[in-house]
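In what follows, a single structure is set out as structure tokens and then discussed.
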Amino acid sequence: MKALHIEALTKVYDGGVHALRGIDLSVEEGNFFALLGPNGAGKSTAIGIIASLVNKTSGHVSVCGHDLDTAKEAAKANIGLVPQEFNFSVFESVESIVMNVAGYNGLPRRLAKQRTEHYLKQLSLWDKRKAAARDLSGGMKRRLMIARALVHEPKLLILDEPTAGVDIEIRRTMWEFLTHINKEQGTSIILTTHYLEEAESLCRDVAIIDQGTIVEQGTVSELLSRSMMETFVLDTQQPVAATSIGPYSVRTREDGKIEIDVSQGTALNDVFNELTTHGITVSSLRNKENRLEAFFLRLVNSQRESAAANGQAAHNALGAAQ
Amino acid sequence: MMARLLQERVAFFTIVRKEIRRFMRIWVQTITPPAINAILYMLIFGGLIGSRIREMDGVPYMDFIVPGVIMMGIIINSYANVSSSMFSAKMQHYIEELVVAPVSNITILMGFIIGGVARGLAVGTLVTCVALFFTDLSPQYPLITLSIALLTSVMFSLGGFLNALFANTFDDISIVPNFVLTPLTYFGGIFYSISLLPEFWQTVSKLNPVLYMINGFRFGILGASDIPLWQSYAVILLFIAALGSVCLWLLHRGAGIKQ
Ligand SMILES: Nc1ncnc2c1ncn2[C@@H]1O[C@H](COP(=O)(O)OP(=O)(O)OP(=O)(O)O)[C@@H](O)[C@H]1O
Ligand SMILES: [Mg+2]
């Protein structure tokens, strides 16, 4: 079963911003999934729609098999949301914030109490249960929202930049905790992040979103290796039926031209030698735009911006990609 | 189906409990000022000025104003409770806790409304206790008295909810109470019988919905009113139906809450 299935989802905000331009996304149950993208890519918009906080313009969303249009309540019951911005009552105590959400989800009081205690302890907030939410530190507030999202034990946990503005140590414990929830309770998890490093160390699958479009989707390592490939478009005098020529994979396009993938740094002479050996004559060549590379460049810039905004040391998140 | 209903029930009581705890936590701001206002009205209008007026519509002036003063507390506080609670929930975004949860709009609306009713009736009860120091209060028709108080409270809670949905600043939730609600209550016949007014102003007064509530309530207590009782009920029920539908429709569209 799919924890989340999205088809042709679009969103145009009142001001005319096209935040989502028809995205398709599918997340298997039990997966740990990253939605990776720079500032303004549309991550929060997509999550807002899934969680019923934003009205979609068109498209379909279903959560654990329940369509948002026809079985809204059932879909909602399966979601736990940790939004990007704090959204709890600042005067309320930690404990009653979690208890209230348990109540909204229909948990009888005794069970609500047990769960609240359990998750507040797991997230090291039990000592703070009587404190007003405004008196918590930033990292504690973030953890409070995680406890609140889990109290009804949803099948799908969605976190929108859970580690923004959180120090390295707390980030690590948060990662461990999420991995634990995913493995032990089988909770499917989707998180958004700017940090490739975060996606890499936590997630099985990743979708890359940029300017309201899903650019790529796959496992993290697949995408990384693909980002280091260069693709050339060749006009050849003979048709090519093979799917690989020497070490290079090739495809025939609809217009009859050939695409060939070459890892960055390979000498073009080697490529031509190989083509000649296979009796292929090239009459023209051009470089195909590498969407992933363009994307990673924007991602780096976006990280610089937010790191500067957070006053943190710049993250070395892209080390692996460069 | 059964499970859904049970779940909505738990959600409903959670909202109500939370709403009541909210105004009880800040009772100095929410419960005491109306009681003090009521004491002042009764001392100055009922006691000092009333001793010169003696009777209004054949009842001692103090007895005449007490029902209106109680109703004023109910009206203003029901409205204020829901408008400020809902507005904070919107501004601090914790309304999202409810929007994200599997809670139907009608449960959300009813939860907030019952919160407003609880505050309105708490204030009404307190003012009534205060009034007992000034006069004997023994309602002629307890059921009418109670039901008018309750329905009025529901109606103004709905008004406060609607106000909060439209409000974007704190000014927006004080404009209606200050510039609409207060004048309407003062002109709603708390301190005088509209039979004192010239014909023309009597007709104008009858356009004021608050007049129907105060007179209905006064009828329950004193057994006398400027307005036929059925009209009081009809006006209140009509407003509840209209405001309730508008609130539900706006919630459905996510107005003021969703983008
Ligand atoms: N309420 C809104 N009204 C109008 N435009 C909006 C609104 N919210 C978001 N947008 C626009 O929609 C686009 C996508 O925004 P969104 O918040 O989904 O991006 P994001 O990927 O979450 O970015 P970030 O990483 O900065 O959180 C942006 O261009 C943004 O300006
Ligand atoms: Mg965002």
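Checking B:H93 against (1) over 11 Å from B:L158 (Cα atoms); (2) away from every other protein chain (no Cβ under 13 Å): exactly one of these is not met. Which one?
The number of the failed condition is (2).
Filter segment B:202-225 down to the residues that are of a type in the set (A, V, I, L, M, F, W, C), closer than 16 Å to B:F187 by Cα and within 20 Å of the chain's Cα centre (by Cα) and list them by number. First the steps, then the outcome.
Keep residues of segment B:202-225 that are of a type in the set (A, V, I, L, M, F, W, C), which gives B:204, B:207, B:210-211, B:213-214, B:217, B:219, B:221-222, B:224.
Retained after the next criterion (residues that are closer than 16 Å to B:F187 by Cα): B:204, B:207, B:210-211, B:213-214, B:217.
Within segment B:202-225, B:L207, B:V210, B:L211, B:M213, B:I214, B:F217 meet the criteria.
Just give me the residues in segment B:14-42 being away from chain A (no Cβ under 14 Å) and either of a type in the set (D, E, K, R) or touching a residue at least 24 places away in the same chain (Cβ under 8 Å) (or both), in sequence order.
B:I31, B:P34, B:A35, B:N37, B:A38, B:I39, B:Y41, B:M42
Under 7 Å by Cβ, and 6 or more places apart or on different chains, what pairs join a residue from segment A:264-278 that is modelled with pLDDT of 85 or more with one that is of a type in the set (F, W, Y)?
A:V271/A:Y248; A:E274/A:Y248
Test B:A11 against the stated conditions and say whether it is within 14 Å of chain A (Cβ to nearest Cβ), farther than 28 Å from B:M155 by Cα and either modelled with pLDDT of 90 or more or over 15 Å from the mean Cα position of the chain (by Cα) (or both). Write out each step before concluding.
On the way: within 14 Å of chain A (Cβ to nearest Cβ): yes; farther than 28 Å from B:M155 by Cα: no; either modelled with pLDDT of 90 or more or over 15 Å from the mean Cα position of the chain (by Cα) (or both): yes.
Against the criterion (within 14 Å of chain A (Cβ to nearest Cβ), farther than 28 Å from B:M155 by Cα and either modelled with pLDDT of 90 or more or over 15 Å from the mean Cα position of the chain (by Cα) (or both)), B:A11 does not qualify.
Spot the failing condition for A:A34; the list is (1) within 16 Å of ligand 2 (Cβ to nearest atom); (2) within 14 Å of chain B (Cβ to nearest Cβ); (3) of a type outside the set (D, E, K, R), and only one is missed.
Against the list (1) within 16 Å of ligand 2 (Cβ to nearest atom); (2) within 14 Å of chain B (Cβ to nearest Cβ); (3) of a type outside the set (D, E, K, R), A:A34 comes up short only on (2).
Could you please tell me which pairs satisfy a Cβ distance under 6 Å, a separation of 6+ or placement on different chains, a first residue in segment A:64-91 that is assigned by TED's automatic domain parsing to the domain that holds A:P162, and a second residue that is among the basic types (K, R)?
From segment A:64-91, the pairs are A:C64/A:K155; A:N78/A:K155; A:F86/A:K141; A:V90/A:R134.
Yes/no matrix, rows are residues, columns are (1) surrounded by fewer than 16 Cβ atoms within 10 Å (Cβ to Cβ); (2) at pLDDT below 95; (3) more than 19 Å from the chain's Cα centre (by Cα):
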residue: A:I158; (1), (2), (3): no, no, no
residue: A:G186; (1), (2), (3): yes, yes, no
residue: A:T193; (1), (2), (3): no, yes, no
residue: A:I214; (1), (2), (3): no, yes, no
residue: A:S221; (1), (2), (3): yes, yes, no
residue: A:M229; (1), (2), (3): no, yes, yes
residue: A:F232; (1), (2), (3): no, yes, yes
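Looking at A:T116, A:T57 in this structure, which one is of a type outside the set (K, R), in contact with a Lys or Arg (Cβ under 9 Å, 6 or more places away or on another chain) and either more than 13 Å from chain B (Cβ to nearest Cβ) or touching a residue at least 40 places away in the same chain (Cβ under 8 Å) (or both)?
On the way: A:T116 fails: either more than 13 Å from chain B (Cβ to nearest Cβ) or touching a residue at least 40 places away in the same chain (Cβ under 8 Å) (or both).
Checking each option against the conditions leaves just A:T57.
The values are calculated or read from the model by the stated rules, or taken from the named source; none is laboratory data. The model shown is predicted, which means the values in this text are computed figures rather than measured ones. All Cβ positions, glycine included, derive from the backbone under ideal geometry; neighbour counts span all protein chains shown.
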